[in-house]
Structures are given as structure tokens and as C-alpha cells.
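Structure first, commentary second.
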Amino acid sequence: MRVDRIWEFLQRLSPLTRSCLLTELERLEACGVDMPGTADLQARLRAELRPDGPNETPTPSKYFFAPLEPLVVAGAPEHANTGRIARSSLVPIWEWINRDLLPIMARDYEDQMKGFIASNRPRDAQKAASIFQTKVAKSLEGNLASADGAERARTKLAAYTASPSVYSDLVKIMGALRAREALAGFGKALPEKVLKFNDAQVDKVTALLDAFRKKDPGAVPFALALVAGRLKTPRELLRLATKPARSRRATDVAATPYAISVSMVLDQIDDKRIALRVALKKNRVVDARDILADIDKTEAAVQAAIRELAASEWGARLRGIRSAIVADVETEVSRFPDEVGHILQLRGARGNKLLSGLVWKGRDAISDSAAFCKRLIGQS
């Protein structure tokens, strides 16, 4: 009865608002937040808004966000995620654009686009979307330039989502829209797929990045995100920072033009940390083991590529991520029967660097971490 009453209330809201609500519920679920009683509401909203699964039908918002699609990531990246935009931010930002930023222009755009879509005129639709993208980018530049304008945007966005990253994603959208033509050209020049990021490929991509950086230095993180999307092994992105460095010392790597790629690889570990927490909360132990193995390999690659890492800001961040992983895993694994622990063993991991390293690097911060690590990988 309670769900029916809530559903009756939701029917009074606009479809866009209901879509925003569904996106927010899915975002929280992807973060591993417990939301008892919402499963039925989510199922009803999906049946109404996505009756045939993910909808591929063109819409005004899809045309608007199309240039950003290579930068969009699914899941729940509730951290910096340099150069990338959370998919869960798109719906609330689109509603904010429609209701608060440019309501009249947005309405005119929607009306115009509906005609182009209905008459199957994709070129006209793309042209109209490009014009509206420019209007939105310019409006954002004006509104976010002052502290008061930025605070107003934060306050309004909070009405559509509780995500702590949505304002950051809005700023990224502004930058990506301004650089969309340059990014499209850069993407066309990249190899479609890089199976092995060897020296020759690193040199080729670096030359493309150098040319791009001269024209639009502020958009380099987006260009690096495009590169990561083409790599078979995304953690190899850090080679753009380590290869041109004078030495493998962290200070020398940090002095290279694309040192931010190291931070972006740490973002990848943080993404996996969140995915690991969700997998454990949902008792998907085999998935959790695979995620943990990927985290281990990425952490080992960073440790092998950069010397004196521990004393750097990257090292401090990595220690923080490690501590969070161990805290999450320890909390969730404590719920499992004892015989389940061995499933998390990292087969083929070289020394289990992530977890065994915690015994030495984090033992002051994590009580009894040695016993915990042994228990986690099934040695006790």
C-alpha cells in the first residue's frame, strides 16, 4: 500500500523528473548504498521509462550529449575521475539546463528537435544540437565565472541529485563542449584499438597529444581519457608520463607534460574499489575476486613504473585507496561463512602486492592487517 501511494505521487511529476529520480536511485545502488523498499519503485520506473530495456531512440538530450559520449563512464565514480564524466550526472544536468539555466531556449530546442527526429533528418538535428551546445557552453562560462554563480548552480543541482560529483561534471561538460571539435579530430587520428602500448605507439600518441596541447591545453585530460578508451589495458596510460621522464623517480615523472595520466590510473583503481564494494554487498564473491585481481595488477604496475612513489602525492593517494579497500572488504567478508573466504584468493597475482603490502605500509592504520590479509586470501 505504501509503494502504491508513493507511485501515485510520482505520477504527478513530469517524465523528466521521474527519469531523474530513477537515475538517482540507480546511482545510489551503484555506490553500494542500502535502499530497502526501493526495488519495486525502480522496477516500475524502468517499466514505464525503459519498457524495452536501454532506449536507443534518438532524443534531444542524446543529440546534445553525443560529443561527450566517449568521455562518459557508467558506474558510480564518486571521486575526481579526471577527464571523465559520470553517466549518472547527465540526467540531472539536463533537467537543470531545461528548468534553470536556459528554460526558454531549451524548450525551443526540444520542439525543433522533435520535428527533425520525427521526419528522420539527422543532419539537421546534429546542426541544431551543435548550435544549442554552443549556447549552453557560453551560458555556463558566464554563470560559473563568479563564486555566486557557481554557488547558485550547486544549490540548484542539489535539487536533482545528491551526487557530490555532479558540479564537477558540469564544469567538465563546459570544457568538453568548448573543445568538442578539437576532441573529435583528435579521436579520429587515434588508432581504433591499441592492443599493446609499446614504445612506437607511445611515441605516436605523444606526438598527437603534443599537437593537441598546443591548441587547447585545458582539454588535455579529455584527450587522455580518449586514449585510455582505446587501450586494451587502460592502466598502460601511465606510460605517457613515465616514458619521457628523465628517470623513474616520482619527482621526474611528475615533471612530464602528461603526468596527470598517473592520477587517471589511480582513478581506475578507485573505480574498481567502488565496484568491489558493491560486488561484496551483493554477495558476488567470484566477481569480487576478479575485481580484486585487477586492482592488484594495476597497483603492481604503478609500483613497478615509478620509484620513490611512497613519498609522493600519488603514493599518499594510493595508501588511502588501499585503506578504503581493506576496510570495505573486511566489513563485508565478516558476513561470509568461513568456507567462502578462499574464493577471494588472487590466482596468478605476483605476491598479492596490494594486500600483502598493507601488512608493511599500512599496519599502523589497520589493526591486525596481517591476520586479515591471510584470512582474506584463504591462508588461515
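The values are calculated or read from the model by the stated rules, or taken from the named source; none is laboratory data. None of these values were measured; they are calculated from a predicted model. Neighbour counts run over all protein chains shown; Cβ positions are idealised from the backbone, glycine included. For accessibility, only protein heavy atoms count, side chains too; no ligands or nucleic acids. Shrake-Rupley method; radii C 1.70, N 1.55, O 1.52, S 1.80 Å.
When only Cα pairs below 8 angstrom with a gap of at least 6 residues are kept, the range 245-339 shows a relative contact order of 36 percent. Shown for the range 225-279: the carbon plus sulfur share of the solvent-accessible area, taken with all protein chains present and a 1.4 angstrom probe, equals 49%. Rounded to the nearest 20, the Cβ-based charge dipole of the range 204-303 about its Cα centre (Lys and Arg +1, Asp and Glu -1) stands at 140 debye. Take the range 84-219 with all the other protein chains still there, run a 1.4 Å probe, and you get 53 Å² of accessible area per residue. Among 82-95, 222-235, the peptide with the highest mean count of other Cβ atoms within 10 Å heads the list, and the full ranking is 82-95, 222-235. Take the range 172-327, drop everything but the C-alpha atoms, weight them equally and run the Debye formula without solvent; then report log10 I(q)/I(0) at 0.10, 0.11, 0.14, 0.15 Å⁻¹ to two decimals. Calculated log10 I(q)/I(0) at the listed q: -0.39, -0.47, -0.75, -0.85. Close amide H partners of Val194, meaning residues 5 or more places away or on another chain with modelled amide H under 5 Å apart, are Leu231, Lys232. Shape of the range 110-193 from its Cα gyration tensor (a ≥ b ≥ c, root eigenvalues): rounded if a/c is under 1.5, otherwise prolate when a/b > b/c, or oblate? Because a/c hits 1.5 or more and a/b fails to exceed b/c, the range 110-193 counts as oblate. Computed about its Cα centre, the charge dipole of the range 107-161 is approximately 140 debye, with only Lys, Arg, Asp and Glu carrying charge at their Cβ. How many percent of the accessible area of the range 178-219 is carbon or sulfur, using a 1.4 Å probe? Exposed carbon and sulfur together represent 53 percent of the surface. Simple rule: put +1 on each Lys or Arg Cβ and -1 on each Asp or Glu Cβ in the range 172-272, find the dipole, and look at Gly175, Val265, Ala245; the Cα lying farthest toward the positive end is Ala245. Judged by the mean number of other Cβ atoms found within 10 Å, the most tightly packed of the peptides 320-327, 121-128 leads the ranking 320-327, 121-128. Between amide H atoms placed 1.01 Å from N, distances below 5 Å from Ala86 occur with Val73, all of them 5 or more places distant or on a separate chain. Each peptide in 59-70, 180-191, 154-165 receives the mean, over its residues, of other Cβ atoms within 10 Å, and ordering these scores from highest gives 59-70, 154-165, 180-191. Considering only protein heavy atoms and a probe of 1.4 Å, how much of the accessible area of the range 67-123 is carbon and sulfur, as a whole percent? For the range 67-123, the apolar C and S fraction of the accessible surface comes to 54 percent.
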